[in-house]
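To start, the structure itself, in structure tokens.
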Amino acid sequence: MDESSNVPRTMLKFSGTPAEIGGQIWERMCLPAIRHASNNTPPQVLAQLYTGFISAALGSMTADFGHDSALEGAQAIVDSFAGMSDEMQATKLQ
């Protein structure tokens with residue numbers, strides 16, 4: 001499904017480092033879809049939506065870099081996130 005022709009071109013202009021661009025894509029495209037889909041959605045269903053995003057990203061990483069490299073990158077991300085536990089304790093649920 002290619003819906004890119006329906007997207008305003010300004011939404012497809014990104015700048016910065018690859019990580020910053022990834023954040024911009026998430027904020028402009030993924031978060032609005034999550035907000036729309038999560039209206040009156042039980043937490044378990046919302047968790048499945050996030051799992052879908054993560055699985056799609058891991059599948060794309062695997063296609064680009066191979067399974068072992070994708071797994072190594074994913075593990076580094078999870079380890080980094082796990083190391084943020086103290087900072088995340090102050091985060092409030094939305």
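Here are some residues: Ala74, Ala33. Which one is modelled with pLDDT under 95 and surrounded by 11 or more Cβ atoms within 10 Å (Cβ to Cβ)? First the steps, then the outcome.
Numbers: Ala74 fails: modelled with pLDDT under 95.
The match here is Ala33.
Could you check segment 57-71 and list, in sequence order, the residues that are surrounded by fewer than 13 Cβ atoms within 10 Å (Cβ to Cβ) and farther than 17 Å from Ala19 by Cα? Before the answer, list the steps.
Residues of segment 57-71 that are surrounded by fewer than 13 Cβ atoms within 10 Å (Cβ to Cβ), as a first pass: 59-60, 63-64, 66-69.
Passing the criteria: Gly59, Ala63, Gly66, His67, Asp68, Ser69.
Residues that are of a type in the set (A, V, I, L, M), farther than 23 Å from Arg35 by Cβ and not in a helix (DSSP H, G or I): does segment 50-70 have at least one? So far as segment 50-70 goes, no, none of its residues is of a type in the set (A, V, I, L, M), farther than 23 Å from Arg35 by Cβ and not in a helix (DSSP H, G or I). Of all residues in segment 14-30, those that are loosely packed, with under 11 Cβ neighbours inside 10 Å and either at pLDDT below 90 or within 17 Å of Gly52 (Cα to Cα) (or both) total 1.
The values are calculated or read from the model by the stated rules, or taken from the named source; none is laboratory data. Given the structure is predicted, the values throughout are model-derived calculations rather than measurements. Please note: Cβ atoms are built from the backbone with ideal geometry, for glycine as well, and neighbour counts cover all protein chains shown.
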